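Note sheet for the following structure.
The values are calculated or read from the model by the stated rules, or taken from the named source; none is laboratory data. Just so it is clear, the model here is predicted, and its values are computed rather than measured. Neighbour counts are summed over all protein chains in view; Cβ atoms, including those assigned to glycine, are modelled from backbone coordinates with ideal geometry.
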Amino acid sequence: KAAHASSAPWSGRSALDAVELMNIGMNYMREHVRPETRIHYSIPDGGKAPNVVPPYAEVWYFVRAPEYRLVTEAVNWAHKIAEGAAMMTGTKMEFIKITGVWQYLPNRILARVGQANVQLIGGVPHGEDHQKVAEPFARSMNVAEAPFIETGFSEFVDEPFKWATSGGSIDEANTSWVVPMVRFSGATIAKGTPGHSWQAVAQNALPPAFMGGLTAAKYMAATAIDLMSEKALVDDAQKEFNESLKQYGPFVDPVKDQNVPTFELMHNVKEDAVPRQYDVLPYKKPDLDTLMK
């Protein structure tokens, strides 16, 4: 409920107060979740002017963990904290789930086939020209060692099978619970480049990144040929997939109860971010020509 923040603050109810109280509650919650759980947030809307009691405010949370059940536990707790913050401030809250991602479900059979093709084709071929492109970015981040890893593939370890955990999230992980999957990655940016930095954005428009995509396409094509040529591999991968579902499943669609499609919920973010996402020029700070000298 809006009100004049100086003349009649008692007649207003601050949605921003509720957001801040929720953030305080979430910070206390952090002590009691698993150490590997990650909780981070931003406040897209905290009110329009400080002299107005804000009738609307918005806080956006990401909750991550190695297993989706841990995410669910934390999100349910966060929902209660939000309700409590609304009660304390005399406001109302709406809890919107934008999207959800499970942990990636690996497949040993497909990983073996994929690893064999990676070793056969080799790493992303970054020659001296690519090294020169990477060097100024590495200098801007104070990275002393060689920017790219050209060789030295690790041997594929079959047993014991261990889950590899990454700090990021990727929506294709949900697909890995529907069909057997394998994924590839290769060096496309200077070693040590922080994710979501201007260096990462700028490098993704340069030749090393395109070479990385081309090399990954070769891995994918070669693996697809192997699977189409040998039905037993497909059968074995499917068998392992079914066994993994029994052990780690069942998979539950994290957005099955979502009435509004994710792309509609993300509309405002998309309208602002997408044009800049594909225009790397604003991220070249300092200027790329200056870096290359």
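For region 19-54, name all the residues that are assigned to a helix (DSSP H, G or I) and not aliphatic (A, V, I, L, M). Steps first, please.
In the first step, residues of region 19-54 are kept if they are assigned to a helix (DSSP H, G or I); the result is 19-32.
Within region 19-54, Glu20, Asn23, Gly25, Asn27, Tyr28, Arg30, Glu31, His32 qualify.
For the residues Val280, Val179, the requirement of being of a type in the set (A, V, I, L, M, F, W, C) and at pLDDT below 85 singles out Val280. Counting residues in region 112-121 that are crowded, with 19+ Cβ neighbours inside 10 Å, among the aliphatic types (A, V, I, L, M) and not assigned by TED's automatic domain parsing to the domain that holds Gln247 gives zero.
Cβ-Cβ distances below 6 Å connect the following pairs, each with a first residue in region 203-218 that is without any contact (Cβ under 8 Å) to a residue 40 or more places away in the chain, a second residue that is surrounded by 20 or more Cβ atoms within 10 Å (Cβ to Cβ) and of a type in the set (Val, Ile, Thr), and a separation of six or more residues or different chains: Ala209/Thr188.
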